[in-house]
Number of protein chains: 2
Amino acid sequence: MLKQYCQEKGKIIDEALGKFVSCENMYPPAIFEAMRYSLFAGGKRLRPILLMAAADAVGGTGTDYLNIACGLEMIHTYSLIHDDLPAMDDDDYRRGKLTSHKVFGEGMAILAGDGLLTAAFTVMLSQPAVKPDVLVKVLGEISTAAGATGMIGGQVIDLSSEGEVISIDTLAYMHQAKTGALFKAALRAGAQLASAKEWQIEALTKYAEQFGLAFQITDDILDVTGLQEKIGKPIGSDMKNHKATYVTLYSLNEAKIMANQAVNQALEALSHFGHEADILREMVRSLLTRDN
Amino acid sequence: MLKQYCQEKGKIIDEALGKFVSCENMYPPAIFEAMRYSLFAGGKRLRPILLMAAADAVGGTGTDYLNIACGLEMIHTYSLIHDDLPAMDDDDYRRGKLTSHKVFGEGMAILAGDGLLTAAFTVMLSQPAVKPDVLVKVLGEISTAAGATGMIGGQVIDLSSEGEVISIDTLAYMHQAKTGALFKAALRAGAQLASAKEWQIEALTKYAEQFGLAFQITDDILDVTGLQEKIGKPIGSDMKNHKATYVTLYSLNEAKIMANQAVNQALEALSHFGHEADILREMVRSLLTRDN
């Protein structure tokens, strides 16, 4: 069921992204090519699908909010382009493809990231059929999650702690900010756009927090146990870069137990939802068996 | 009158910026320090003042829209930080101060720019006392102006044409996109926020286009005739970098005539306004005697 849902929504999202960031008759073409290159470099569309699944879970229709869903993917994609730059993580490959700056040069990669972040707001601000006051509230949450106290703040800690021993608290904060905040914004946006009740928003917020935690722990586990051809980057690169992860600060076994606990708590948060939240349940469960 | 207006509004803008991008109790502190460093590095606050003067010119109160005004300054500031990076213009100084990447390192400078761009939207989305539908429309225009068909697109052309001979049309397009689009968005935002009539918005749009043109021509003239201690960067740097400018493509004298023409056309666009547009008149006239 999850596979079909993701394929179906993924196709809709890809088509919309292709329209929102088009190459046709756009000037200057170079920047749109660079923006599209990273946008269509094999992303799993996790954030837009989470938004849609949250809207579906509260009785709405996730695909009604395509602009906001795509905006989240554009924000996520810009952050990857900038994270990969030589001045940051200096990665040549992502998902098995050359990174933006390797293909287009550093200057253009910086601008492609800037372009995607800015376009995300243009696209989200033109979301049809949503009351403007709801739109303003939701976009405020998304921009905060993407900002210096959220996603960017997490990257700042990542950047400044490379090669240093960091505490478990700092690691947890870094991940909550770097990836957790945007997951949470996606789920809350889906719920709020679909006029969720307060208890539903609260429950999905709790789910989001545990989802983010499980996502990060399983990401760290994959870096040790995964297959290079599946995850698209060299195995053990965290270890090699002396990065603190859940596997380096705990044992592999402990990390697996923690991932399980986070998944169970995410499921617990959905206990008052019926079958309409089954996709969200499957999504968090699937993290335990992810191979990329 | 203009000097007093700019001092008065400038103080209000600075205070608001200081609150919107605060350092107190913000985590991680490094990114907020970097964001503030560039935000308070001597900017003239031209875009927020243009927004306010436009609102005043149509009978509104410019200072009612402080969030949007400050958002424009934050967008402008982020663009300067990224433009100065080694992968772009590679500038060590701006307005006589070390550029962000020279002080904080390249990675942090990229993130400070990202942080300012994102925070601009957070701040603008929390603009009080504006109808949400008007806010959504105005922010849509601002994000478009700042994006890949506007400001970022202009920088793409600048980046990709360095050392190359470009046509006058390309030069004009580049400037209209790189600096003109955000000036226009500022003036149109001020008018629309203050519930301007359609003819007023149209007139201010024309004014904005000529203002942008005059600004750029006089900027190019300053690069040749200015004083280093006033403009804060070495004189003749455009010439040295083989950059096409209004002075290299035309003569200095022709450029001065063109600047005069643009100013006159900007004044012409305001012909149906009364004294309430005097600040805008003074602002565009003052470009002819600018020394920084």
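Every number here is computed from the coordinates shown, using simple stated rules; none is lab data. This is a predicted model, so every value here is computed, not measured. Backbone-built Cβ (ideal geometry, glycine too); neighbour counts: all protein chains shown.
How long are the three semi-axes of the equivalent ellipsoid of segment B:108-247, in whole Å, if each is the root of 5 times an eigenvalue of the C-alpha gyration tensor, listed from largest down?
Details: eigenvalues 186, 70, 42 Å².
Taking √(5λ) for each eigenvalue gives 30, 19, 14 Å, largest first.
Run the dipole for the protein assembly as shown about the Cα centre, Lys and Arg Cβ at +1, Asp and Glu Cβ at -1, nothing else charged, and hand back the magnitude in debye, nearest 20. Write out the running numbers ahead of the final one.
On the way: 54 positive and 72 negative charges, 149 e Å.
Charge dipole of the protein assembly as shown: 720 debye, to the nearest 20.
How charged is the neighbourhood of B:Thr205? Take every other residue with its Cβ under 15 Å from the Cβ of B:Thr205, and add Lys/Arg as +1 and Asp/Glu as -1.
Details: positive: B:Lys137, B:Lys184, B:Arg188, B:Lys197, B:Lys206; negative: B:Glu141, B:Glu198, B:Glu202, B:Glu209, B:Glu268.
After counting each charged neighbour, the total is 0.
Please give the length that would be gained between B:Ile201 and B:Leu2 if that part of the chain were fully extended, namely 0.36 nm times their separation in residues minus their C-alpha to C-alpha distance (nm, one decimal). Before the final figure, lay out the partial values.
Values: separation 199, 0.36 × 199 = 71.64 nm, distance 2.21 nm.
Gain in length upon complete extension: 69.4 nm.
Contact order normalised by length for segment A:2-289, with contacts defined as Cα pairs under 8 Å and 6 or more residues apart; what percent is it? The partial results should precede the final answer.
Details: 394 pairs, mean separation 60.5, N = 288.
Here the relative contact order equals 21 percent.
Could you list A:Cys70, B:Cys23 in order of exposure, starting from the residue whose Cβ has the fewest other Cβ atoms within 10 Å? Don't skip to the answer; put the middle values down first.
Details: A:Cys70 30, B:Cys23 11.
So the residues, fewest neighbours to most, are B:Cys23, A:Cys70.
At 7 angstrom along the Cα-to-beta-carbon line, where would the label on A:Pro132 sit relative to the other copies? Give the distances in nm, shortest first.
Going from nearest to farthest copy, the values are 1.0 nm.
Kirkwood Rh, Cα Rg: Rg to Rh for segment A:146-213?
Working: Rg = 13.8 Å, Rh = 12.7 Å.
A ratio of 1.09.
What is the ratio of the Cα radius of gyration of chain B to 2.2 N^0.38 Å, where N is its residue count, to two decimals? Mind dumping the intermediate values first?
Values: Rg = 18.3 Å, N = 292, 2.2 N^0.38 = 19.0 Å.
Chain B yields a ratio of 0.96.
Sort out for me the Cα centre separation of segment B:1-71 from segment A:14-40, rounded to whole Å.
Computed from Cα coordinates, the inter-centre distance equals 33 Å.
Let me spell out the model: positive unit charges on the Cβ of Lys and Arg, negative unit charges on the Cβ of Asp and Glu, origin at the Cα centre of segment A:2-289. What dipole size does that give, in debye rounded to 20?
Details: 26 positive and 35 negative charges, 116 e Å.
So the dipole magnitude of segment A:2-289 works out to roughly 560 debye.
If we hang a label 7 Å off Cα along the beta carbon direction at B:Gly10, how far is it from the matching labels on the other copies, in nm, shortest first?
Those separations, rounded to one decimal, come out as 5.5 nm.
Using the Kirkwood radius over C-alpha pairs as Rh, can you work out the diffusion coefficient of the protein assembly as shown via Stokes-Einstein at 4 °C, viscosity 1.567 mPa s, in µm² per second? Working shown, then result.
On the way: Rh = 24.8 Å.
Value of D from the Cα-based Kirkwood radius: 52 µm²/s.
Roughly how many debye, to the nearest 20, is the charge dipole of segment A:142-292 about its Cα centre, given +1 on each Lys and Arg Cβ, -1 on each Asp and Glu Cβ, and no other charges?
Working: 13 positive and 18 negative charges, 38 e Å.
So the dipole magnitude of segment A:142-292 works out to roughly 180 debye.
Exposure proxy check: B:Arg94, A:Arg285 ranked by fewest other beta carbons within 10 Å? Show your work: numbers first, answer last.
Numbers: B:Arg94 21, A:Arg285 15.
Fewest to most other Cβ atoms nearby, the residues stand as A:Arg285, B:Arg94.
Going out from 0 in 5 Å bins, what whole percent of all Cα-Cα distances in segment B:1-118 drops into each bin?
With a bin width of 5 Å, the distribution comes to 2, 12, 22, 21, 17, 13, 8, 4, 1, 0.
Which of B:Thr245, B:Gln216, B:Leu193 sits farthest toward the positive end of the charge dipole of segment B:162-292, with +1 on the Cβ of Lys and Arg and -1 on the Cβ of Asp and Glu?
It is B:Leu193.
Cβ under 10 Å from B:Ala266's Cβ, B:Ala266 left aside: what net charge do those residues give with Lys, Arg +1 and Asp, Glu -1? Working shown, then result.
Numbers: positive: B:Lys206, B:Arg281, B:Arg285; negative: B:Glu209, B:Glu268.
Value of the local net charge: +1.
Mind sorting B:His175, A:His272 by how few other Cβ atoms lie within 10 Å of their own Cβ, fewest first? Present the calculation step by step, with values, prior to reporting the outcome.
Details: B:His175 23, A:His272 9.
By the 10 Å Cβ count, ascending, the order reads A:His272, B:His175.
Using helices alone, what [θ] at 222 nm do you get for chain B, with -39,500 (n - 2.57) per DSSP H run of 4 or more residues, divided over all residues and rounded to the nearest 500?
Rounded to the nearest 500, the figure is -21500 deg cm²/dmol.
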